[in-house]
1. Determine the sum of side-chain charges near Ser137: Lys and Arg each +1, Asp and Glu each -1, restricted to other residues whose C-beta is under 15 angstrom from that of Ser137.
2. Hey, what's the Cα Rg ratio for region 77-123 versus the globular rule of thumb, 2.2 N^0.38 Å?
3. Could you look at region 20-160 and say what percent of its accessible area is carbon and sulfur, using a 1.4 Å probe and all protein chains?
4. Output wanted: per-residue J couplings in Hz (rounded whole) for region 244-261, from phi through Karplus 6.51 cos²θ - 1.76 cosθ + 1.60, θ = phi - 60°, x for Gly and Pro.
5. Going down the list Lys152/Lys246; Lys11/Lys40; Lys134/Lys260; Lys138/Lys211, which pairs span over 22 Å between their C-alpha atoms?
6. Count charges around Gly81 for me, please; just the other residues with Cβ under 11 Å from its Cβ, Lys/Arg as +1, Asp/Glu as -1.
7. How large is the helix-only mean residue ellipticity at 222 nm for the chain, computed as the sum of -39500 (n - 2.57) over DSSP H runs with n ≥ 4, divided by its residue count, in deg cm²/dmol to the nearest 500?
8. Return the Cα extents of region 1-155 along principal axes one, two and three, sorted largest first, each rounded to a whole Å.
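The values are calculated or read from the model by the stated rules, or taken from the named source; none is laboratory data. Keep in mind that this is a model prediction, so the values were computed, not measured. Neighbour counts are summed over all protein chains in view; Cβ atoms, including those assigned to glycine, are modelled from backbone coordinates with ideal geometry. Keep in mind that these areas ignore ligands, DNA and RNA; they rest on the heavy atoms of the full protein, side chains included. Shrake-Rupley method; radii C 1.70, N 1.55, O 1.52, S 1.80 Å.
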Amino acid sequence: MNVHDTQVRQKALTLLRGGAKNADVARDLNVPVGTISYWKHLDRAKRGECPGAHQSVCPRCEGDLDETAYAYLLGLYLGDGHIIQNRSMRTPSLSVVCAESWPGLMNACESAMRFVFPNNSVCRVRRKGCREIKVYSKHIWCLFPQHGPGKKHERPIALEPWQRKLVDSHPWEFVRGLIHSDGCRMMNWATRMVRGERKRYEYPRYFFANKSDDIRTLYTDTLDRLGVEWTHCTRGGVPFNISVAKRASVALMDLHVGPKY
């Protein structure tokens with residue numbers, strides 16, 4: 001390294017030690033930001049200022065798991081969530097895809113992730129027409145043992161005993177997560193003859209659609225325990241849709257779930 005390079009490096013380190021940002025130093029000295037970051041790392045290592053390895057704590061095994069947030073996040077995961085860890089990733093990630101038209105849902109999903117994983121960062125990845133709410137954690141496998149190769153509807157999905165106990169304690173949060181991922185509240189309509197005149201009637205209805213028999217059963221079993229009446233809404237011989245249309249049951253769903261927003 002020549003004298004000029006040494007002078008530039010020392011000036012960069014002086015600015016960095018003074019609190020300047022890497023990008024600002026790189027721009028001021030016309031040095032690649034990666035080089036600035038490398039110089040900073042070596043300088044901190046030399047002075048013994050590098051942080052140690054991150055001690056990751058499992059929210060369930062070693063921490064205090066937020067059960068309410070987890071029940072909601074579990075519903076979201078079983079609907080639109082997925083877990084990946086490829087060769088280039090040291091840590092698995094949990095992602096839930098949310099449409100741009102539901103900003104409130106994105107906020108609720110991000111909030112649930114932050115409560116379940118209080119020591120991890122949550123980010124939003126922009127996709128076409130949607131956002132991917134994502135969190136990285138070494139303990140995702142422990143919290144979501146339903147993960148496995150292939151699609152969810154092509155493999156058995158069953159809750160562990162500790163998950164079942166948790167869902168039994170927070171059933172509405174679990175149902176809300178399922179509805180917010182693979183369900184909706186909509187207005188249905190029908191016609192009826194009244195005194196010789198055909199009139200149109202509209203009424204609210206909740207739909208839940210999922211290809212997995214096991215996930216649909218988890219949903220309907222929870223509705224049964226909550227006293228919500230439901231029916232299969234078969235389309236083309238395929239029973240993927242679950243309907244809640246009785247007035248009293250819709251009122252219960254409105255009270256505890258409500259439409260997406």
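1. +2
2. 1.23
3. About 50 percent, which is the carbon plus sulfur part of the accessible surface.
4. Per-residue couplings from phi come out as 10, 10, 4, 4, 5, 5, 5, 4, 5, 5, 5, 5, 10, 10, x, x, 5, 8 Hz.
5. Lys152/Lys246; Lys138/Lys211
6. It works out to a net charge of -1.
7. -13500 deg cm²/dmol
8. Principal-axis extents of the Cα atoms in region 1-155, largest first: 64, 38, 28 Å.
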